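All remarks here apply to the structure that follows.
The values are calculated or read from the model by the stated rules, or taken from the named source; none is laboratory data. This one's a predicted model, so the numbers in the text were calculated from it and none came from an experiment. Cβ placement follows ideal geometry from the backbone for every residue including glycine, while neighbour counts extend to all protein chains displayed.
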Amino acid sequence: MKTHTLRESFVPVVVVLCAIVLLWYAATVFLNIPWQRDVYERANNTDYSVVEMVSATMSQERPVMPAPHQVAQEVYKTTVEKKITSKRSLIFHSGVTLSSALLGFLLGTLLGILLAVLIVYNRALNKSLMPWIITSQTIPILAVAPMIIVVLNAVGIQGLLPKAFISMYLSFFPVVVGMVKGLTSADSSHTDLMHTYNASAAQTFWKLRLPTSLPYLFTSMKVAVAIAMVGAIVAELPTGAVAGLGARLLAGSYYGQTIQIWSALVMASLLAALLVMCVGLIGKLVNRRMGLAHHA
Amino acid sequence: MSNTENSSTSNVIDIENLSLTFQTGDGAVEALSDINLGIEQGDFVSLIGPSGCGKTTLLRVIADLEHATSGAVKVNNMTPEQARRERAYGYVFQAAALYPWRTIAKNVALPLEIMGLSAAERRERIERNLALVDLAGFEKKYPWQLSGGMQQRASIARALAVEPDLLLMDEPFGALDEIVRDHLNEQLLALWAKTNKTVVFVTHSIPEAVYLSSHIVVMSPRPGRIHDIIKSDLPPDRNLDIRETPEFMKLANRVRDGLRAGHSYDVNQ
């Protein structure tokens, strides 16, 4: 059984990973050749082999497309070899972004649950609140982010909180949608049972509706934590932040440090994937505890 | 069981001229029409009939889970809503309806928590009622770890833990296999004999209805109405062997005839 699942999940994952890396290398060569040809022409070097050319495209200092191993080296250099306190440490920058993403995710989840409860228990709020919640997500966050930061700055809120606010702005939405569904998804017999016990609304909420909604909550939290990360990075762009993965992206693009941009991107996606996996794992444990993994 | 026209006030359940019409997308559907029924303390009444005859709906009206369109329903001389608020009955659903995130003990504890009983009282009732349905030792198990029959027994223990005088059971053994069903029928009968509770039991199994009941209410569909009320003269301390006796056969035949006659489309159309 064990080896069977290993073959079924491990092999496809490795194959896809290899395919992506190969495509990346192909893109590196293809996109960096024009500039490399320019370099050779200017040096009047017409006597280069294909191997020389290809290897040169993978070792440029500011390539259009850095090769995977260049990015990997940069990530290694800026995580393992740099002190965490250093301004050039990617771990330091990740920590800055992560802390505002997590705070925003936490606030967004709480806000989402609160709104969902209000919507489920109040018909009027369902009609009046839901359109605004949906509208809030149709506005491009890149347009709103600078205004939010400027407005919050004007009232004296600076630092972590404005960035967390933007993460919250993005991440509360999937939680609202998921929890509205989750809080209303109890079996009719389970609900009838509460009715026969003459249970109060609060008792029905705590003993039935909330437990029933937890699988839905964790599914939407997986989406929410990923976009909270996006929100934190976006929030760092318009403010000219000096720390954070967004700041690294911005600085990298000012100075044409493509390798730095890409290593920040890789770091961001690794972090997001890690967060999604963590939430997924907690969700799985909770589902098992709730007896929902055994429905078959 | 008594005649309803001049029913005494001591009846546990009194139903007079009850009708219920569901408003659906295709127009009105008459689920129950002119139901008259009186049930006395200690009766075991089966509601039997084909699908769509309104037997479950009738049970749900008694439980205040559906509301009559017209007519009067009294449970313990109260409206169904008052009776529900007083927790006058225990309801057993067709599916066990155990909460999957609660252990068996915690499931039985659910109504007791809602009633606000002390932890000691809860523990005592859980222990006693799980022993009553032969589930002692399964307190810490989760519902998915139990067979269907055991789950249904747990749900009966949960209904009994409320300590109601009235037990409403909606095809509780419908999803179980024959052997388990026989066994649970025997246990239920023993329980009824021991506790003198009033039971209203929905089923569509003739042997089950005849074996368990003191009164069998035969219902017919479209619209749901009572076709016949049969009083059983079988002794109260019966066992499963009674199903081979002529008296049992005679009752079963009368129920079967009633069901057949109630199928209006068999006779008239």
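Among the conditions (1) closer than 23 Å to residue B:56 by Cβ; (2) small (Gly, Ala, Ser); (3) free of Cβ contacts under 8 Å to residues at least 12 places away in the same chain, residue B:136 misses just one, which is (1).
Across segment A:180-234, the number of residues qualifying as of a type outside the set (Lys, Arg), in contact with a helix residue (DSSP H, G or I) (Cβ under 8 Å, 6 or more places away or on another chain) and within 19 Å of residue A:280 (Cα to Cα) comes to 20. Among the numbered conditions (1) modelled with pLDDT under 85; (2) crowded, with 18+ Cβ neighbours inside 10 Å; (3) not β-branched (Val, Ile, Thr), the only one that residue B:174 does not meet is (2). Identify all residues within segment A:147-187 that are over 20 Å from residue A:132 (Cα atoms), at pLDDT 90 or above, part of a helix (DSSP H, G or I) and not hydrophobic (A, V, I, L, M, F, W, C); write none if there are none. Hit for segment A:147-187 is A:182, nothing else.
For the structure I just gave you, tell me whether residue A:28 is under 20 Å from residue A:244 (Cβ atoms), of a type in the set (Ser, Thr, Tyr) and outside the structural domain of residue A:263 (by TED's automatic domain parsing). Break it down stepwise before answering.
On the way: under 20 Å from residue A:244 (Cβ atoms): no; of a type in the set (Ser, Thr, Tyr): yes; outside the structural domain of residue A:263 (by TED's automatic domain parsing): yes.
No, not satisfied.
Using the structure shown, decide if residue A:163 is among the charged types (D, E, K, R), touching a Gly at 6+ places or on another chain (Cβ under 9 Å) and either in contact (Cβ under 8 Å) with a residue 12 or more places away in the chain or on the phi > 0 side of the Ramachandran plot (or both). Spell out how you get there, then give the answer.
Working: among the charged types (D, E, K, R): yes; touching a Gly at 6+ places or on another chain (Cβ under 9 Å): yes; either in contact (Cβ under 8 Å) with a residue 12 or more places away in the chain or on the phi > 0 side of the Ramachandran plot (or both): yes.
It is true that residue A:163 is among the charged types (D, E, K, R), touching a Gly at 6+ places or on another chain (Cβ under 9 Å) and either in contact (Cβ under 8 Å) with a residue 12 or more places away in the chain or on the phi > 0 side of the Ramachandran plot (or both).
The residue of segment B:61-92 that is farthest from the other protein chains (Cβ to nearest Cβ), among those that are closer than 23 Å to residue B:42 by Cβ and of a type in the set (Lys, Arg), is B:74.
Filtering segment B:154-196 to residues that are touching a Pro at 6+ places or on another chain (Cβ under 9 Å) and part of a loop (DSSP other than H, G, I, E, B) leaves only B:162.
Within segment B:139-152, the set of residues being touching a residue at least 24 places away in the same chain (Cβ under 8 Å), within 13 Å of chain A (Cβ to nearest Cβ) and part of a helix (DSSP H, G or I) comprises B:143, B:144, B:151, B:152.
Just to verify a result, which residue in segment B:93-125, among those that are more than 10 Å from chain A (Cβ to nearest Cβ), surrounded by fewer than 22 Cβ atoms within 10 Å (Cβ to Cβ) and in contact (Cβ under 8 Å) with a residue 12 or more places away in the chain, is nearest to residue A:207 (Cα to Cα)? Going through the qualifying residues, I end up with B:109. Scanning segment B:197-252 for residues that are among the small types (Gly, Ala, Ser), under 28 Å from residue B:68 (Cα atoms) and not in a loop (DSSP other than H, G, I, E, B) returns B:209, B:220, B:224.
Go through segment A:178-204 and give me each residue that's surrounded by 18 or more Cβ atoms within 10 Å (Cβ to Cβ) and more than 10 Å from chain B (Cβ to nearest Cβ). Residues satisfying the conditions are A:178, A:179, A:180, A:182, A:183. Scan segment B:95-113 for residues that are more than 18 Å from residue B:176 (Cβ to Cβ) and small (Gly, Ala, Ser) and report the count. Adding up the residues that qualify gives 2.
Comparison of B:195, B:203 shows that the only residue that is in the same structural domain as residue B:59 (by TED's automatic domain parsing) and within 27 Å of residue B:52 (Cβ to Cβ) is B:203. Of all residues in segment A:75-90, none satisfies being of a type in the set (D, E, K, R), more than 25 Å from residue A:267 (Cα to Cα) and assigned to a helix (DSSP H, G or I).
Of all the criteria given as (1) within 14 Å of chain A (Cβ to nearest Cβ); (2) within 14 Å of the chain's Cα centre (by Cα), the one not satisfied by residue B:47 is (1).
Table: residues versus (1) more than 15 Å from the chain's Cα centre (by Cα); (2) polar (S, T, N, Q); (3) crowded, with 24+ Cβ neighbours inside 10 Å.
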{"residue": "B:163", "(1), (2), (3)": "yes, no, no"}
{"residue": "B:166", "(1), (2), (3)": "no, no, no"}
{"residue": "B:185", "(1), (2), (3)": "no, yes, no"}
{"residue": "B:194", "(1), (2), (3)": "yes, no, no"}
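Residues that are surrounded by fewer than 17 Cβ atoms within 10 Å (Cβ to Cβ) and in contact with a Phe, Trp or Tyr (Cβ under 9 Å, 6 or more places away or on another chain) were ranked within segment A:84-113; the one that is nearest to residue A:202 (Cα to Cα) is A:110. Flag: residue A:220 matches the condition of being within 16 Å of residue A:108 (Cα to Cα), in a helix (DSSP H, G or I) and among the polar types (S, T, N, Q).
When residue A:234 is tested against the conditions (1) free of Cβ contacts under 8 Å to residues at least 40 places away in the same chain; (2) under 19 Å from residue A:146 (Cα atoms), the lone failure is (1).
Could you please give the count of residues in segment A:211-230 that are farther than 14 Å from residue A:112 by Cβ and either free of Cβ contacts under 8 Å to residues at least 60 places away in the same chain or within 12 Å of another protein chain (Cβ to nearest Cβ) (or both)?
Within segment A:211-230, the subset farther than 14 Å from residue A:112 by Cβ is A:211-212, A:215, A:226, A:229-230.
Then drop every residue that is not either free of Cβ contacts under 8 Å to residues at least 60 places away in the same chain or within 12 Å of another protein chain (Cβ to nearest Cβ) (or both), which leaves A:211-212, A:215, A:226.
Result for segment A:211-230: 4.
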